[in-house]
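Quick note: the coordinates plus some simple rules give every number you see, no bench work behind them. As the structure is a computational prediction, the values presented were derived from the model and not from experiment. Quick reminder, even Gly has a Cβ in these numbers, built from the backbone with ideal geometry, and neighbours come from all protein chains shown.
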Amino acid sequence: MEPEDFEDYIQDAEKHIIEQMIHEKEKQFTEGCIEGYKLLKKHGREAIDGTEKKEAMEALNRMIGYFIQVEEYEKCADIQKLYKQVFKKETEPIFPKFLA
């Protein structure tokens, strides 16, 4: 193998590893949204009790953005209703870039 071939191989391997890492993060985010929604449905506002307000708001806004993009509007409505009850304001969806 020539040195330039080895460099190409290393670059391809790095690209593949990065793509795998991104895919895994996307999978974790998706699973987190689904699990978070299940917790909200089961426990309501108690699911976010003890969580810092700013963090809880951001998490719920990210979940809504995700569920909008995958067209699960009933879940969006449930999260939005809870958000308004707890924080007394409108949601501001944060859309994941990997679904765009």
Too long for a 27 Å Cα-Cα cut-off, among K53/K97; K53/K81; K15/K38; K15/K75; K54/K75, are K15/K38; K15/K75
Once both label points are put 7 Å beyond Cα along the C-beta direction, the A77-E26 separation in nm becomes 2.9
Out of I48, I22, I34, a Gaussian network model of the chain with alpha-carbon springs under 10 Å gives the largest mean-square fluctuation to I22
Over the chain, the sum of -39500 (n - 2.57) across DSSP H runs of at least four, divided by residue number and rounded to 500 deg cm²/dmol, gives at 222 nm -26000 deg cm²/dmol
Env charge @ L99, Cβ radius under 11 Å, K,R +1 / D,E -1, value -1
Expected unfolding gain across I94-K15 under the 0.36 nm per residue rule, minus the alpha-carbon gap, is 25.7 nm
Pseudo-spin-label distance I68 to L39, built 7 Å along Cα→Cβ, given in nm, is 2.3
